[in-house]
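In what follows, a structure is listed as structure tokens, so that the remarks can point back to it.
The values are calculated or read from the model by the stated rules, or taken from the named source; none is laboratory data. No experiment lies behind these values; they were computed from the predicted model shown. Heads up, the Cβs are rebuilt from the backbone with ideal geometry, glycines too, and the neighbour counts pull from every protein chain shown. We work out accessible area using only protein heavy atoms, side chains counted, and drop any ligands, DNA or RNA first. Shrake-Rupley method; radii C 1.70, N 1.55, O 1.52, S 1.80 Å.
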Amino acid sequence: MVFLCVSLKEIMIRKVARITSIVLIVSLVLPLSTFANDLVVYSARKEHLITPIFQAYTAKTGVEIEFTTGKEAALVQRILSEGKRTPADILITVDAGNLWYAAEAGILKSVQSNTLEANIPSHLRDPENRWFGLSVRARTIVYHSGRVSPGTLSTYEALADPEWKGRLILRTSKKVYNQSLVAMMIQDIGLDNTKKVISGWVGNLAVPPLSSDTKVMEAIDSGVGDVGIVNTYYFGRLLKKNPRLPLKLYWPNQETTGVHVNVSGAGVTSHAKHPEAAVAFLEWVSSEEAQNLFADVNMEYPVNPQNQANSVVQAWGDFKANPRNVASAGQYQGEAIRLMDEAGYK
Ligand code: FE
């Protein structure tokens, strides 16, 4: 009886051990097998802007794409803390400043692809091939068409002139878009000149900096100020909501450095489980076939020179863009933040 009890106990233990090992094996294999033949994307670009491109890719190739959206910094942290176990193959985000930050954090790997190099102009991708611009946005001057004559506008720098006192509206310096704009200005005109410009902007503000580009335009519309600096697609969105919006875009620095452009883009993660599939997807997004699908949904410019912006975006007019590599937005981000702080730009 005692013997029987012991052997039963042994059998039970063995069974538990076997079940435990099966559970262990399953739990080790499952996170990978769940995503087998799939692609996993972490995206700081909003869900409604990325699902059309994912659906089109799945329809074309059969590749299922799992995705998670979140805030930029949180996604980078998540990939960092997941380390080698991360299911993420691709990180999609906006602004070269953010892409540069992710690359510096070590979560993106260098990718060699002739297709990406052919489809994407070199100044719109990382010189070390860790990320690639997939659409372009311009950060430009917006003005009230009733109260401002475009002939009185010229450059970003000139918004520091006394004639704009109490008329300028800006978004907060905490936003990466402004950090990137100032970072590139530092390289174009130098630290001292940039500081003078930023101090001049601050002195010309009609109200303390606002929290969004849309609020900047709404403040101009309602007469709080006359000029501001915004990303083109926010202008497009507001114009769609209110076709009678008395605001217009102005392309500054046409005789000098060109309009500040930035990208939304993506990179393959350092520990991607499907690196070839990830590169294939990015190659497709950069292709003539997919570029308008990716850019038009957010009223952005295609990154591939073979493609044209859609008619709504084209109606805003042609401009000369700053040809400097957008990676420099990241390289000088720290200096830009310090300089804006010193100049009192909140
Ligand atoms: Fe934005």
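Taking the stated definitions as given, is Ile90 touching a helix residue (DSSP H, G or I) at 6+ places or on another chain (Cβ under 8 Å) and more than 21 Å from Thr257 (Cβ to Cβ)?
Values: touching a helix residue (DSSP H, G or I) at 6+ places or on another chain (Cβ under 8 Å): yes; more than 21 Å from Thr257 (Cβ to Cβ): yes.
Yes, satisfied.
Looking across segment 148-186, the residues that are over 27 Å from the mean Cα position of the chain (by Cα) and not small (Gly, Ala, Ser) come down to Val148, Pro150, Thr152, Leu153, Asp161, Pro162, Glu163, Trp164, Lys165, Arg167.
Among the residues of segment 291-331, which ones are among the hydroxyl-bearing types (Ser, Thr, Tyr) and over 15 Å from the mean Cα position of the chain (by Cα)?
Restricting attention to segment 291-331, the residues satisfying the condition of being among the hydroxyl-bearing types (Ser, Thr, Tyr) are 301, 311, 328.
Hit for segment 291-331 is Ser311, nothing else.
Just for segment 73-114: of the residues that are open to solvent by less than 20 Å² (accessible area, probe 1.4 Å) and of a type in the set (Val, Ile, Thr), which one is farthest from Leu181 (Cα to Cα)? Checking each candidate, the answer is Thr86.
Just checking, does segment 189-197 include any residue being assigned to a loop (DSSP other than H, G, I, E, B), open to solvent by less than 30 Å² (accessible area, probe 1.4 Å) and over 26 Å from Val94 (Cα atoms)?
So in segment 189-197, the residues assigned to a loop (DSSP other than H, G, I, E, B) come out as 190.
Retained after the next criterion (residues that are open to solvent by less than 30 Å² (accessible area, probe 1.4 Å)): 190.
After this cut, where a residue has to be over 26 Å from Val94 (Cα atoms) as well, the list is none.
The answer is no; no qualifying residue exists.
Looking across segment 205-238, just one residue is farther than 18 Å from Val313 by Cα, open to solvent by less than 10 Å² (accessible area, probe 1.4 Å) and within 13 Å of the ligand (Cβ to nearest atom), and that is Val216.
Can you name the residue in segment 44-65 that is open to solvent by 70 Å² or more (accessible area, probe 1.4 Å) and touching a strand residue (DSSP E or B) at 6+ places or on another chain (Cβ under 8 Å) and, of all such residues, is nearest to Tyr101 (Cα to Cα)? If you could, list the steps in order and put the result at the bottom.
As a first pass, look at segment 44-65 and keep what is open to solvent by 70 Å² or more (accessible area, probe 1.4 Å): 46-48, 55, 59-60, 64.
With touching a strand residue (DSSP E or B) at 6+ places or on another chain (Cβ under 8 Å) added as a condition, the list becomes 46-47, 64.
Working: Lys46: 19, Glu47: 22, Glu64: 28 Å.
Only one residue tops the list, namely Lys46.
Answer yes or no as to whether Gly258 is away from the ligand (no atom under 16 Å from the Cβ), more than 20 Å from the chain's Cα centre (by Cα) and open to solvent by less than 10 Å² (accessible area, probe 1.4 Å). Judged against the criteria, Gly258 is a match.
Evaluate segment 213-226: report whether one residue or more is touching a Ser or Thr at 6+ places or on another chain (Cβ under 6 Å), outside the structural domain of Gly97 (by TED's automatic domain parsing) and acidic (Asp, Glu). Talk me through it step by step, then tell me what you get.
Filtering segment 213-226 for residues touching a Ser or Thr at 6+ places or on another chain (Cβ under 6 Å) gives none.
No, that holds for no residue.
Just to be sure, is Leu249 at pLDDT 95 or above, within 16 Å of the ligand (Cβ to nearest atom) and in contact with a Phe, Trp or Tyr (Cβ under 7 Å, 6 or more places away or on another chain)? Working first, answer last.
Numbers: at pLDDT 95 or above: yes; within 16 Å of the ligand (Cβ to nearest atom): yes; in contact with a Phe, Trp or Tyr (Cβ under 7 Å, 6 or more places away or on another chain): yes.
Here the answer is yes, as Leu249 does meet what is asked.
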